[in-house]
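Peer 1: Dropping the structure in here first, questions after.
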Amino acid sequence: MSSDTLSSTSPSSAAPSRPVPRPGVLAIEAYVPGKSGAPGLGTVHKLSSNETPLGPSPKAVAAMRAEAAKLELYPEGTSRVLREAIAARYGLDPARIVCGAGSDELLSFLAYAYLGAGDEGVFTEHGFLVYRIAILAAGGTPVVVKERDLRADVDALLAAVTPRTRIVYLANPNNPTGTYLPFDAVRRLHAGLPPNVLLVLDGAYAEYVRANDYSAGLDLVLEANNVVMTRTFSKIHGLAALRIGWMVGPAEVVDAVNRIRGPFNLSGAGIAAGAAAIADDVHVAAAVAHNDTWLARMTEAVQGLGLTVTPSVANFILIHFPDEPGRSAEAADAFLSARGVITRRVSSYGLPHALRVTIGGEAGNAAFLDALTAFVRGETGA
């Protein structure tokens, strides 16, 4: 055997003993959702996932049940019925709408379509964790931009744009802070971007916002060729278990995403329930009214305990705790969990001294305020 043959089979050049992910995949920190319960307790109030306390529209439930008689059939592959219902609700062309398994899937599709090795995706430091995951999964480079007072900073975002930038993700309102950018600031951000950079406006909580200077960005999407808006049925529509999201964008972007999107990516039940939910204005109005009432009450009550609350326009509040033993966010979370109130730690968002708390139903909100009051006052009884 020649020396060349020996060198080609040496241990140092041997093939891996198992499949190895491409570089960068194992650098992705998997998304960790909030806790769902507290084992061993009776009544538990889950205020960790920004779910609506009103549940889904009865019309959506009826539509989903009607699908049970045809589970053997594939759904229509483009979610046509749902796209048409969304288009009717917002006055859109259904051909410019894509539906996905939650808006998360669509955020990832956009990254897969427009990012590759060496390309950059930009988002703010406390932005939705899925942005980083999507950028890395596509082989791109995440660029994290500092916020100002827990709010997206347009000047800082524009300063972060380089010739390698391909996507800018903006959650408006943002999760987990609950803050938002007025629409004139969003327009200024768009005006400062190169035309080849895609601006993705994530409006998961748009339906809750009552501020007069806010817009989810639909007008901008319809007049620009580099803006996309994503929305979800998981929040105000109460269909989180069905995983339904949608996006609207320029025809060219829609075409690119549809080439990546697998056929039948939504279930028949999801399509039917979503189409019914988007048309139920009465149910949405009730959810908005409930949130308006309790967002103000919860904010005032927590501030009355001496804690800082970031002003929110969504269906949750971000509460800040002192970095002191026995008074920290970690201690508060443990105290509340022991009393059957589940909140969301947001350390993974760079906010280790805060808890995010969903606006729940009346009983859940009361239980939270009672438990938080006991914690702040140093009471130890259950």
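The values are calculated or read from the model by the stated rules, or taken from the named source; none is laboratory data. Since we're looking at a predicted model, the values are computed, not measured. Positions of Cβ are generated from backbone atoms using ideal geometry, with glycine treated the same way; all protein chains shown enter the neighbour counts. Protein only, heavy atoms only, side chains kept; ligands, DNA and RNA dropped before computing areas. Shrake-Rupley method; radii C 1.70, N 1.55, O 1.52, S 1.80 Å.
Peer 1: Return, ordered by residue number, the residues of the stretch 267-285 whose backbone nitrogen is under 13 Å from a label point located 7 Å along Cα→Cβ of Leu73.
Peer 2: In the stretch 267-285, the label zone of Leu73 (backbone N under 13 Å from the point 7 Å along Cα→Cβ) covers 268-269, 272.
Peer 1: Val145: net charge of surrounding residues, Cβ under 13 Å, Lys/Arg +1, Asp/Glu -1, itself excluded? It would help to have the intermediate numbers written out before the result.
Peer 2: Values: positive: Arg132, Lys146, Arg148, Arg151; negative: Glu120, Glu125, Glu147, Asp153, Asp155.
Charge balance near Val145 sits at -1.
Peer 1: Choose one of Ala159, Ala15, Val341: the residue whose Cα lies farthest towards the positive end of the charge dipole of the chain (beta-carbon charges +1 Lys, Arg; -1 Asp, Glu; about the Cα centre).
Peer 2: Ala15
Peer 1: Place +1 on the Cβ of every Lys and Arg and -1 on the Cβ of every Asp and Glu in the stretch 61-135, take the dipole about the Cα centre, and give the residue among Ala95, Ala113, His126 whose Cα lies farthest towards its positive end.
Peer 2: Checking the options against the dipole of the stretch 61-135, the answer is Ala95.
Peer 1: Give the separation of the Cα centroids, the stretch 294-308 to the stretch 343-382, in Å.
Peer 2: Taking the Cα centre of the stretch 343-382 as reference, the centre of the stretch 294-308 is 11 Å away.
Peer 1: Let me ask something additional. Which percent of the accessible heavy-atom area of the stretch 91-223 goes to carbon and sulfur, probe 1.4 angstrom? All intermediate terms of the calculation are to be shown ahead of the outcome.
Peer 2: Numbers: 2400 of 4770 Å².
After summing per-atom areas, the C and S share lands at 50 percent.
Peer 1: Give the long-range amide H neighbours of Val341: residues separated by 5 or more places, or on another chain, with amide H under 5 Å away, using H modelled in the peptide plane at 1.01 Å from N.
Peer 2: So Val341 has HN proximity to His45.
Peer 1: Counting heavy atoms of the protein chains only and a 1.4 Å probe, report the per residue accessible area for the chain as a whole number of Å².
Peer 2: Values: 17240 Å² over 382 residues.
For the chain, the per-residue accessible area is 45 Å².
Peer 1: In whole Å, how far is the Cα centre of the stretch 78-135 from that of the stretch 146-217?
Peer 2: Centre-to-centre (Cα) distance: 15 Å.
Peer 1: What is the spin-label model distance, in nm, from Ile28 to Asp280 if the labels are put 7 Å beyond Cα along the C-beta direction?
Peer 2: 3.4 nm
Peer 1: Contact order normalised by length for the chain, with contacts defined as Cα pairs under 8 Å and 6 or more residues apart; what percent is it?
Peer 2: On the way: 717 pairs, mean separation 88.9, N = 382.
Once divided by the residue count of the chain, the mean separation gives 23 percent.
Peer 1: Which shape class applies to the stretch 33-167: rounded if a/c is under 1.5, otherwise prolate when a/b exceeds b/c and oblate if not, where a ≥ b ≥ c are the square roots of the Cα gyration tensor eigenvalues? Spell out each step's value before the answer.
Peer 2: Numbers: a/c = 2.15, a/b = 1.35, b/c = 1.59.
Since a/c reaches 1.5 but b/c is at least a/b, the shape of the stretch 33-167 is classed as oblate.
Peer 1: Roughly how big is the stretch 138-265's charge dipole about its Cα centre, with Cβ charges of +1 (Lys, Arg) and -1 (Asp, Glu), in debye to the nearest 20? Walk me through the numbers before you get to the answer.
Peer 2: Values: 13 positive and 12 negative charges, 78 e Å.
With only Lys, Arg, Asp and Glu charged at Cβ, the dipole is about 380 debye.
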